[in-house]
Amino acid sequence: MPSNATPPDSTPPDDTPPDATSASGASTSVPSTERLTITGAEVFVTCPGRNFVTLRIETDEGLYGLGDATLNGREKAVVSYLDEHVIPCLVGRDASRIEDLWYFLYRGAYWRRGPVTMTAVAAVDMALWDLKGKALGVPVYQLLGGASRTGVMAYGHASGETVDEVVDEVGRYLDRGYRAVRAQSGVPGLPSTYGVGRGKLFYEPAEQGLPSEHVWSTSKYLDHVPTLFRRLRDTYGSDVHLLHDAHHRLTPIQAARLGQELEPHRLFWLEDAVPAENQESFRIIRQHTTTPLAVGEVFNTIYDAQTLVTEQLIDYLRTSLLRGGGITHMRKVAALAELYNVKTGFHGATDLSPITMAAALHFDLWVPNFGIQEYMRHTEATKEVFPHAYSFDDGYLHPGDAPGLGVDYDVEKAASYPYERAYLPVNRLEDGTLFHW
Ligand code: CS2
Ligand code: MG
């Protein structure tokens, strides 16, 4: 059944709140001018160099809202979840009731949480906030509470096979005006490693065809990383913010050792030091090092980070709007994090579309406990498919002041880049043990 048809077996649900009559007898129903009826929705998949999934929600006012629904390596699972299980329930509902619809999709599914479900919820949520901004003629950051800062500090990705290459690449990011740079280098003795990209301005880990298998050695990695950051500090001094992503590959005590050895180099953060399903493992790391810790790009609700935040085991929470159920959920997560001195540090890799980047920048401009925004640029082809109002200047990003999220989707251009199945790599230890990628 086309995803924008009204289900044959039911009239559109009437979700107008019942006409509650106040004590004075006056009707308190929502004035019809505020209603924005959803008339249909469509899911698009495009591949301008990598796959992106986009949800477009149409309304009776002729406005449409856009949401990112991309899940790297599992794109079609989200397409099906939206097409088959979400869109039929949206048609006929009031798009202005964002909070109610969030709970309809979260509690109404019964089977809660998980990356596929929460990516689908996030796509709807982003589209509804986009619609509300468009209907009121204001950028989304104004709906959240207005700007708390003049710009959003970004960090870029410098990588290279050797330390010398990374040192040069960091210099090129500083020349572009970045104040913060993530540094990842090849590891001597390993044929490849995480974060050393094929391009220079962005790191694209997904590969078409079946998952490639990489080899990993924690001992070789641990012996190498402190050298990289010693060289970077010796070369660039202490003004530049330096970040590093361990990409889930250490044990807590290994992470404690690395954190200690990096302390003289004063990192802005050490990211994904350990796989974080076991939040308690961060207690061990925290006991041994003052290197700031960031985690959470694979989380999808507050419950994945609740211990980490309330025990102040981390300094930055990486969960993006795309993974964490959209603006509606993540602003509650940010509010909890603020109580415990945890700042935001949204994931912003190339596998999150410009729609997520746009939504993130509205959120980043507003959120009181903002930390930093990852900015792994998109290809020119991607920018043509997703024209947007956000901009980068002198190390800072800004969402722009277009109504809504300030991003669009060129359906025709998108159709010229058909989907191509791709997978994230798989990692094995040198003895063949299947490990964390
Ligand atoms: C990385 C990502 O940007 C990051 O911090 O962890 O490159 C991550 O590997 C990809 O987003 C996975 O799709
Ligand atoms: Mg990461």
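Rule-based calculations on the coordinates, nothing more; no lab input. Quick caveat, the model's predicted, so the values are computed rather than measured. Cβ placement follows ideal geometry from the backbone for every residue including glycine, while neighbour counts extend to all protein chains displayed.
Miscellaneous remarks
- Here's how it looks for residue 59: its modeled amide H is under 5 Å from those of 39, which are all 5 or more places away or on a different chain.
- Debye, to nearest 20: dipole size of the chain, +1 on Lys, Arg Cβ, -1 on Asp, Glu Cβ: 800
- Relative contact order [Cα under 8 Å, 6+ residues apart], the range 134-185, whole percent: 38
- 222 nm mean residue ellipticity, helices alone, for the chain (DSSP H n ≥ 4; -39,500 (n - 2.57); rounded to 500): -9500 deg cm²/dmol
- Evaluated at q = 0.10, 0.16 Å⁻¹: base-10 log I(q)/I(0), Debye formula over Cα of the range 298-437: -0.42, -0.93
- Nearby lysines by direct alpha-carbon distance to residue 343 (threshold 17 angstrom, same-chain neighbours under 8 apart not counted): 332
- About its Cα centre, the range 289-437 has a charge dipole of approximately 340 debye under the convention of +1 per Lys or Arg Cβ and -1 per Asp or Glu Cβ, with nothing else charged.
- For residue 343, nonlocal amide neighbours, meaning residues 5 or more places apart or on other chains whose placed amide H falls under 5 Å from its own, are 316, 317.
- Simple Cβ-charge dipole of the range 80-141, Lys/Arg +1 and Asp/Glu -1, about Cα centre, in debye nearest 20: 140
- Residue of 65, 371, 177 that the Gaussian network model of the chain assigns the largest fluctuation, springs spanning Cα pairs under 10 Å: 177
- Checking every one of the trypsin sites (Lys or Arg not before Pro) in the range 263-293 against DSSP loop status and a limit of 14 other Cβ atoms within 10 Å picks out 266.
- Alpha carbon centroid spacing (whole Å) that separates the range 111-185 from the range 349-409: 6
- For the chain, the relative contact order is 20 percent, taking Cα pairs closer than 8 Å that sit 6 or more residues apart in sequence and dividing their mean separation by the residue count.
- Centroid-to-centroid separation of the range 191-262 and the range 63-80 [C-alpha atoms, Å]: 29
- Taken over the C-alpha atoms, the range 113-216 has Rg and Dmax values of 19.5, 57 angstrom.
- Rg and Dmax, both from the Cα atoms of the chain and both in Å, are 22.3, 79.
- DSSP beta bridges in the chain [antiparallel fraction, %, rounded to 5]: 50
- Within straight-line cross-link reach of residue 413, lysines at Cα separation under 22 Å, skipping those fewer than 8 residues along the same chain: 76, 383
- Take each peptide in 250-260, 322-332, 123-133, count the other Cβ atoms within 10 Å of every residue, and average; sorted highest first, the result is 123-133, 322-332, 250-260.
- 3J(HN,Hα) along the range 160-170, derived from phi through the Karplus expression 6.51 cos²θ - 1.76 cosθ + 1.60 where θ = phi - 60°, amounts to x, 5, 10, 4, 4, 4, 5, 4, 5, 5, 4 Hz, with x in place of Gly and Pro.
- In nm, spacing of pseudo-spin labels at residue 110 and residue 263 (7 Å Cα→C-beta vector): 5.3
- Report note on the peptides 422-431, 304-313: ranked by the mean count of other C-beta atoms within 10 Å, highest first, their order is 304-313, 422-431.
- Over the range 275-368, the Kirkwood radius and the radius of gyration, each from Cα atoms, give a ratio Rg/Rh of 0.96.
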